[in-house]
1. Scan the stretch 132-146 and give yes if some residue there is at pLDDT 95 or above, closer than 26 Å to E53 by Cβ and not polar (S, T, N, Q), otherwise no.
2. Determine, yes or no, whether A202 is of a type in the set (A, V, I, L, M), touching a residue at least 24 places away in the same chain (Cβ under 8 Å) and under 24 Å from G147 (Cβ atoms).
3. Within the stretch 99-122, is there a residue that is modelled with pLDDT of 95 or more, among the hydroxyl-bearing types (S, T, Y) and either surrounded by 14 or more Cβ atoms within 10 Å (Cβ to Cβ) or more than 19 Å from the chain's Cα centre (by Cα) (or both)?
4. Being in contact with a helix residue (DSSP H, G or I) (Cβ under 9 Å, 6 or more places away or on another chain), under 25 Å from Y137 (Cβ atoms) and in a loop (DSSP other than H, G, I, E, B): is that true of Y79 here?
5. Give the residues of the stretch 26-66 that are part of a helix (DSSP H, G or I), closer than 25 Å to A169 by Cβ and either without any contact (Cβ under 8 Å) to a residue 24 or more places away in the chain or more than 17 Å from the chain's Cα centre (by Cα) (or both), sorted by residue number.
6. Restricting to the stretch 67-85, what's the tally of residues that are under 24 Å from L153 (Cβ atoms) and in contact (Cβ under 8 Å) with a residue 40 or more places away in the chain?
7. So, V87, is that one among the β-branched types (V, I, T), within 19 Å of the chain's Cα centre (by Cα) and assigned to a helix (DSSP H, G or I) or not?
Amino acid sequence: MDVLDAIKSRKSIRAFTDQPVSRETIEQILDVSQRAPSGTNTQPWHVYICAGEVRQAIIDDVLALAAEGKAATYEDYDYYPPVWNDVHRDRRRGVGWGLYGLLGIEKGDREGSARQGARNFQFFDAPVGIFVTTDAYLGRGNWADTGMYIQTLMLAARGMGLDTCPQAAWIQFQEPIFRHLGIPDDQVLVTGMCLGYANDKAIENTLVSDREDIANVAHFHGFGMP
């Protein structure tokens, strides 16, 4: 698969098969991902990969915290704004209701919403969980670099026939992740991620989120009239 096909076919997968992914395959993906760009070659990312008993321990602890209502907020980590502008709010709602519509979760169905939300903390059944961090003292430019690494990782995985789902949801439950994976306190979590093979029979995997027309996001100057 060439890079354009990888970009076009990559999407967030929310139901995986139990087909295992070998450590060798993961190392190949990570080796390619190290070619991601970063300002002055700082390479400000760390990546932690879990499977088997460690993956399950993280799942068990996070689900227990969620059941007890002990989630942190995104604002606690300065991750998302407390209030969204209309355009970003509407995009979030659009993809959320698109997914819930496929799953038959109606507006106001808190139990169904909570059940689907908890699927995040089971890695959507993917056999491999990935957590990407950066050093806490670094700034927004370094976070941007880490984002380019995350995208490169997802495209490398897609190029090898695998699928992913980047997950901000883990931001709310960092303590078990850091404890089980031995992540130092001087690092901060940027994202979690599922890695595996998509379950092609799962209806949620038919969701393809909308993208804005380039006319609404691109600003050309100096090219003359179209």
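The values are calculated or read from the model by the stated rules, or taken from the named source; none is laboratory data. Everything numeric here is computed off the predicted structure, so don't read it as measured data. When we count neighbours, we look across all protein chains shown, and the Cβ atoms used for this are built from the backbone with ideal geometry, even at glycine.
1. Of all residues in the stretch 132-146, those at pLDDT 95 or above come to 132-146.
Now restrict to residues that are closer than 26 Å to E53 by Cβ: 132-133.
Among the residues that remain, those that are also not polar (S, T, N, Q) are: 132.
There is at least one residue in the stretch 132-146 that is at pLDDT 95 or above, closer than 26 Å to E53 by Cβ and not polar (S, T, N, Q).
2. Working: of a type in the set (A, V, I, L, M): yes; touching a residue at least 24 places away in the same chain (Cβ under 8 Å): yes; under 24 Å from G147 (Cβ atoms): no.
So A202 does not fit the description; no.
3. Narrowing the stretch 99-122 to residues modelled with pLDDT of 95 or more: 121-122.
Those left that are additionally among the hydroxyl-bearing types (S, T, Y): none.
Checking the stretch 99-122: not a single residue is modelled with pLDDT of 95 or more, among the hydroxyl-bearing types (S, T, Y) and either surrounded by 14 or more Cβ atoms within 10 Å (Cβ to Cβ) or more than 19 Å from the chain's Cα centre (by Cα) (or both).
4. Numbers: in contact with a helix residue (DSSP H, G or I) (Cβ under 9 Å, 6 or more places away or on another chain): yes; under 25 Å from Y137 (Cβ atoms): yes; in a loop (DSSP other than H, G, I, E, B): yes.
Judged against the criteria, Y79 is a match.
5. Hits for the stretch 26-66 are G52, E53, V54, Q56, A57, D60, D61, L63, A64, L65, A66.
6. Within the stretch 67-85, the subset under 24 Å from L153 (Cβ atoms) is 74, 77-80.
If we keep only those that are in contact (Cβ under 8 Å) with a residue 40 or more places away in the chain too, we end up with 74, 77, 79-80.
Here the count works out to 4.
7. Details: among the β-branched types (V, I, T): yes; within 19 Å of the chain's Cα centre (by Cα): no; assigned to a helix (DSSP H, G or I): yes.
Considered against the rule, which asks whether it is among the β-branched types (V, I, T), within 19 Å of the chain's Cα centre (by Cα) and assigned to a helix (DSSP H, G or I), V87 comes out as no.
For (1) in contact (Cβ under 8 Å) with a residue 40 or more places away in the chain; (2) assigned to a strand (DSSP E or B); (3) of a type in the set (V, I, T), each residue gets a yes or a no:
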| residue | (1), (2), (3) |
| --- | --- |
| E111 | no, no, no |
| G117 | yes, no, no |
| F121 | yes, no, no |
| T133 | yes, yes, yes |
| M148 | yes, no, no |
| A157 | yes, no, no |
| G161 | yes, no, no |
| T164 | yes, yes, yes |
